[in-house]
Amino acid sequence: MAKSPKPTTPPTDPLAHVREEMPRMPALTPPKKPTIGDNSERLHAVEILNSAIQRLGKLDLDIAALNRGKSDIYAELKAQGFDNGIVRRVIKERKLDPLVRADREKLFDAYWQAIDTAPASQEGEKAA
């Protein structure tokens, strides 16, 4: 008996063998309808949110009070004849590491000397 020739037409799905080997994904389940017990999670989240908002509001009030206190201190210093800009710079510089502060002072001095030793003609051009 002669064998029948294989059909020469391509299969309808050339990737059928690949799809058969791929694992099947589980079917997606629709979300559950909320029940009375599910509200407890939502209520807990709302409580957390309300608590955080109240704490942040209190902190805002505390910060405003502290800023008013700082303003009062700067007003006292100004009344005594101090330059508040310099006071602010001292406060800012005090926060720096001593080595960083020393490096900045050296750079400042170097820049200042460069400006002082600049020829007078360049200074006149800048003013014009």
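Within the set GLY81, GLY85, GLY57, the sole residue that is among the small types (Gly, Ala, Ser), in a helix (DSSP H, G or I) and within 30 Å of PHE108 (Cβ to Cβ) turns out to be GLY85. Can you say whether ALA75 is assigned to a helix (DSSP H, G or I), at negative phi, surrounded by fewer than 10 Cβ atoms within 10 Å (Cβ to Cβ) and more than 29 Å from the chain's Cα centre (by Cα), as far as the supplied structure shows? So ALA75 does not fit the description; no.
The numbers here are math on the coordinates, done by the rules we state, and not lab data. This one's a predicted model, so the numbers in the text were calculated from it and none came from an experiment. Virtual Cβ from ideal backbone geometry, glycine too; neighbours counted across all protein chains shown.
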